[in-house]
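The structure appears below as structure tokens.
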Amino acid sequence: MRLEKEKDSKIVDKIWDFFASIRLAIIIFALIALTSIIGTILEQRAAPERNIEILERLFGKSLAPGLYSLFEKLDFMDMYHSWWFITLLVIFSVNLVICSLERLPRIWRLAREPLNPVTDEQLRKFTLHKEIILKGKIEKARESVHEMMKKAGFRNYSEIKEEKGFQYLAQKGNYSRLGVYVTHLSILIILVGAILGMTFGFKGFLNLPEGATSDIAFSNAGREIPLGFFVRCDNFDIEFYGKSDMPKEYRSWLTIIEDGKEVLRKSIVVNDPLTYKGITFYQASYGLLSENLGRSIFILDIISGGGQAERLNLRLGDTFQIPATNISGKIIDFSPALRIDDHGHAFTYTNQMNNPAIYVEFFESGSRSFSGWILKRYPETWQLQGGHRVEFRDHWGVEYTGLHVRKDPGVWVVYLGCVLISVGLFIAFFISHRKMWVKIHEDKNNTRMIIGAVSNKGRAAFERKIDQAISAIQKKYERGK
Amino acid sequence: MDSSFFFGLSTMAYILAMIIYITYLAFRRTQIGILATSVTVIGFVAQTLAIIMRWKEFADLSGMGFIRSAPLTNLYESLVFFVWCLILGYLIIEFKFKNRSFGAFVTPVAGLALAFIDIFGVSKEIQPLVPALQSNWLLAHVTMSFIAYAAFALSFSTGTMYLISTTEKKRDPSYVFWTTTLGIFVIILVAMGIDFLRFKVMVKPEIFIQSYMFRTSFLHPSPLIKAASWLSAIIFLYIIWRYGYTLKKVLEKFSINPEILDEITYKSIAVGFPIFTLGGLIFGAIWADQAWGVYWSWDPKETWSLITWFIYAFYLHGRMMRGWRGKKVAIVSVLGFVAVIFTYLGVNLLLSGLHAYGSK
Ligand code: HEM
């Protein structure tokens, strides 16, 4: 029975040792790095034809189908969510926890440990060790120790009276030894945040026409996700750089409606989303409702040559009157992206709102007089004969805004981890645990000073600092003479 | 005079400095060394001026305010910024360690990056930013990534030097590693140079890689030339492997202590790693989160950043294991920078070509 138990604990020990080793850590680093490459070559969660095409390019037509079915069995087409990749991440985390637990007690002791006095012989064995003679009595040297310590970077130190003189001990940055553990812990925090987000959050989308309201979004699989409130798109607008087709800004004006009341209004752009009750709406895309073209509204400012102005909301086929004239216009066509080809024919060159234009036919006293395109982005097309103007200000109800909808309760945990990992890395690399011992004792009417120091990193910089401190007090001595 | 004048000046200065540093390496005259440093400093000042001028040009053009107009928006500008950081880092090291011989290893990286711009006709035009790129997080992300890349480039240079100066046995895996890496590097450059001379094309890098790269050599339609290219590449690799140790003799002349090389490699990575973590990974994630609502989506660029990060984590932890300090981790530092290059160029140039719809 006892033997059994011993055997058990041996196995537990073995498992513990396995997970406590840095060797395992670097093996896991290598494995994660290497296998991750696969997912950057094969497209993840793509249609099978895409990856077969990629495999054909890489390995030739004859091998591709066989490889594809093999890779499919290994989950290579969705590898970051495959059982074996998740297993790697789990081993990584267990390794991180156990490795840290194994070492933490020792490091904690190192950080808390007070300094012990040392003998001259011990001091002389330090790699970082200096010895100088200062002229004059020990009392004088005692005063300069304070400056020495300050120059070497220690504000606090303790003094011990010894047989022949004094010993001073100082240390700082003890807790910087924990920086590594903060780093490691924060990696776990980030992973926990990611899991929280995947478990309790969702990702979806919502295409919302101008003027429309919705209380659901859709998952990528097409499932309905209830929001718990309504969101309305009041308007969508796109702005371009100058006359080019390069978009400068996509903007949606959204209103949140809860229990019949408007509770929040915000215009969102890419990089500036709207959040309400943990659900965030991102400007992701936009598009035209081609089946709705007939229902869209054009907002025109009609200004007569005499200066009388009027704002009208019109639809395709509507007729309007230029104030105080007998001229009327009828909107007979619409193009979201008008371009005129070399032969003077108008055509629509994309299915997006790159250059909205309406075709208006004008009648004077009932008979057709002239007609032409009026372009929203080209005010020079707004001017008519006789000093009248038809200003194409806006259009409404033709576009929908494509919103990315997300709820992620874990994101703040992830960000907390990010802050901690930055702090931890900064401490781990740029702050060191430094210890210094200074002894002074009388030596034939003069004073001998012995200095010994250790630092867990950046020894060269520490030594430079100590050298500076020494030469500073030596200078002072010379001047004082 | 506009920014392009000063950019041209700095490119010429760095390439000249590269030649002078190599000459210095060969003859070891102090005067030559001072000349090399002076030329580098001139190049650096010219480049600094050029960056400031371009910044102002962009701010005037885009009307987006000063900070948003930082010249870091495309391949061209980011390469220029990378070179700037690299030279700055190098000058600091030259000053601190009072040793010029690293110059011969750092200036080629700078010169090559700038030559890459000119050979490939990378677009130098100032372009306004599309909505997704209008983000201060993105700006911080790009700036810090490049500072980290420059630190990694330094560690690559000193890591390579470390390997050269500590290996000579031809069967030593570390020796085989550095001679092959160096050989492949040179072969790729030469093969691309020949492509360039034959086709005389000035096209976008993506198009060059898809339609021209290695078409004069390893991918030539004629099987004969193809075979000859592969054969000469192998012979070249053999020669480098056979005679590579002579480089060690050159380095020995300078009595650079390998310990110092190892230390600079570690210190560069110790500076680069936290900056890369914060700027490269975290700020990148925050930007993606703001713009699209996903802080991590395993897209190839993100994944390659993570791979790079793991390689350097490997380096840092490898140093703590017995028997790994020295040559083995120096190899890892070289591999880390290969991953950096791939993250930066390979993902856009190679993988996007592979993923393009029906391009063959
Ligand atoms: C399986 C996961 C990991 C294990 C088991 C592990 C283990 C360790 C151990 C035992 C140390 C030495 C602590 C000491 O010297 O007292 C260490 C140091 C360190 N670890 Fe990790 N680690 C892991 C993952 C990571 C990761 C992913 C990072 C990336 C940020 C990281 C960053 C560091 C840093 C920066 C140091 C300090 C290195 C130095 O001072 O040179 N670790 N790690």
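The values are calculated or read from the model by the stated rules, or taken from the named source; none is laboratory data. These numbers come from a predicted model, not from an experiment. Every residue, glycine as well, gets a Cβ built from its backbone with ideal geometry; the counts of neighbours run over all protein chains shown.
Taking the options A:Lys407, A:Lys457, name whichever one is within 14 Å of another protein chain (Cβ to nearest Cβ), charged (D, E, K, R), within 35 Å of the chain's Cα centre (by Cα) and within 16 Å of the ligand (Cβ to nearest atom). If you could, list the steps in order and put the result at the bottom.
Details: A:Lys407 fails: within 16 Å of the ligand (Cβ to nearest atom).
Exactly one residue qualifies, and that residue is A:Lys457.
Looking only at helices (runs of 4 or more DSSP H) that lie completely in segment B:244-294, which have at least 1 residues being within 25 Å of B:Cys85 (Cα to Cα) and of a type in the set (Ser, Thr, Tyr)?
Details: elements: B:245-253, B:258-275, B:284-292.
Hits in segment B:244-294: B:258-275.
The residue that is nearest to B:Val176 (Cα to Cα), among those in segment B:333-360 that are at pLDDT 80 or above and within 9 Å of another protein chain (Cβ to nearest Cβ), is B:Ala339. Test A:Val414 against the criterion of being surrounded by 20 or more Cβ atoms within 10 Å (Cβ to Cβ), among the hydrophobic types (A, V, I, L, M, F, W, C) and not in a helix (DSSP H, G or I), and give yes or no. When the stated conditions are applied, A:Val414 does not pass them.
Given segment A:327-409, what strands (runs of 3 or more DSSP E) lie entirely inside it while holding 3 or more residues that are closer than 30 Å to A:Leu227 by Cβ? Lay out the reasoning, then the answer.
Numbers: elements: A:327-335, A:338-340, A:346-348, A:357-364, A:367-375, A:389-396, A:399-407.
Filter on segment A:327-409 gives A:389-396, A:399-407.
B:Leu129 is checked against (1) at pLDDT below 80; (2) surrounded by fewer than 18 Cβ atoms within 10 Å (Cβ to Cβ) and fails just one. What number does that condition carry? (2) is the only condition that B:Leu129 fails. Entry remark, segment B:20-74: residues being more than 23 Å from the chain's Cα centre (by Cα), closer than 30 Å to B:His141 by Cα and of a type in the set (Lys, Arg) number 2 in total.
Has segment B:341-357 got at least one residue that is of a type in the set (Val, Ile, Thr), more than 16 Å from the ligand (Cβ to nearest atom), in contact (Cβ under 8 Å) with a residue 24 or more places away in the chain and not in a helix (DSSP H, G or I)? No. Among the residues of segment A:96-114, not a single one is among the β-branched types (Val, Ile, Thr) and in a loop (DSSP other than H, G, I, E, B). Screening A:Ile190 on (1) within 16 Å of the ligand (Cβ to nearest atom); (2) β-branched (Val, Ile, Thr); (3) within 30 Å of A:His441 (Cα to Cα) shows it passes everything except condition (3). One residue stands out in segment A:417-448 among those that are surrounded by fewer than 17 Cβ atoms within 10 Å (Cβ to Cβ) and more than 14 Å from chain B (Cβ to nearest Cβ): the one that is farthest from the ligand (Cβ to nearest atom), namely A:Asn445. Of all residues in segment A:54-68, count the ones that are part of a loop (DSSP other than H, G, I, E, B) and either surrounded by 18 or more Cβ atoms within 10 Å (Cβ to Cβ) or at negative phi (or both). Number satisfying all stated conditions: 3. Exactly one residue out of A:Ser328, A:Ser290, A:Ser285 is under 30 Å from A:Pro409 (Cβ atoms) and surrounded by fewer than 18 Cβ atoms within 10 Å (Cβ to Cβ): that is A:Ser285.
Out of all the residues in segment B:201-216, is one or more of a type in the set (Gly, Ala, Ser) and at positive phi?
Going residue by residue through segment B:201-216, those that are of a type in the set (Gly, Ala, Ser) are B:211.
Going one step further and asking which of them are at positive phi, we end up with none.
There is no residue in segment B:201-216 that is of a type in the set (Gly, Ala, Ser) and at positive phi.
Does any residue of segment A:422-434 turn out to be in contact (Cβ under 8 Å) with a residue 24 or more places away in the chain and in a strand (DSSP E or B)? Yes, segment A:422-434 contains at least one residue that is in contact (Cβ under 8 Å) with a residue 24 or more places away in the chain and in a strand (DSSP E or B). When residues in segment B:132-143 are screened for being crowded, with 21+ Cβ neighbours inside 10 Å and either within 24 Å of the chain's Cα centre (by Cα) or modelled with pLDDT of 90 or more (or both), 3 of them pass.
Among the criteria (1) within 16 Å of the ligand (Cβ to nearest atom); (2) surrounded by 18 or more Cβ atoms within 10 Å (Cβ to Cβ); (3) modelled with pLDDT under 90; (4) not aromatic (Phe, Trp, Tyr), the one B:Glu263 does not fulfil is (2).
Any chance segment A:36-53 includes a residue that's exposed (fewer than 15 other Cβ atoms within 10 Å of the Cβ), within 16 Å of the ligand (Cβ to nearest atom), assigned to a helix (DSSP H, G or I) and modelled with pLDDT of 90 or more? No, the conditions are met nowhere in segment A:36-53.
Is it fair to say A:Gln308 is under 40 Å from the mean Cα position of the chain (by Cα) and either without any contact (Cβ under 8 Å) to a residue 24 or more places away in the chain or closer than 28 Å to A:Pro209 by Cα (or both)? No; evaluated as a whole, the condition is false for this residue.
When segment B:325-340 is filtered for residues that are more than 12 Å from the ligand (Cβ to nearest atom) and in a loop (DSSP other than H, G, I, E, B), only B:Gly326 remains.
Filter segment B:311-324 for residues that are surrounded by 15 or more Cβ atoms within 10 Å (Cβ to Cβ) and part of a loop (DSSP other than H, G, I, E, B); which is farthest from the other protein chains (Cβ to nearest Cβ)? Among them, the one singled out is B:Arg319.
For A:Ser82, the conditions (1) within 13 Å of chain B (Cβ to nearest Cβ); (2) among the polar types (S, T, N, Q); (3) touching a residue at least 12 places away in the same chain (Cβ under 8 Å) are fulfilled apart from (3).
Table: residues versus (1) among the basic types (Lys, Arg); (2) within 14 Å of another protein chain (Cβ to nearest Cβ); (3) under 27 Å from A:Lys243 (Cα atoms).
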| position | (1), (2), (3) |
| --- | --- |
| A:Ser285 | no, yes, yes |
| A:Leu314 | no, no, yes |
| A:Asp318 | no, no, no |
| A:Ala324 | no, no, no |
| A:His343 | no, no, yes |
| A:Trp382 | no, no, yes |
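Taking into account only those residues within segment A:24-35 that are more than 8 Å from the ligand (Cβ to nearest atom) and in contact (Cβ under 8 Å) with a residue 12 or more places away in the chain, which is nearest to the chain's Cα centre (by Cα)? It comes out as A:Ile32.
Could you say whether any residue in segment B:309-322 is at pLDDT 80 or above, in contact with a Phe, Trp or Tyr (Cβ under 8 Å, 6 or more places away or on another chain), within 30 Å of A:Gly201 (Cα to Cα) and within 16 Å of the ligand (Cβ to nearest atom)? Yes, segment B:309-322 has at least one match. When the test is whether a residue is buried (at least 17 other Cβ atoms within 10 Å of the Cβ) and touching a Pro at 6+ places or on another chain (Cβ under 8 Å), A:Gly197 passes it.
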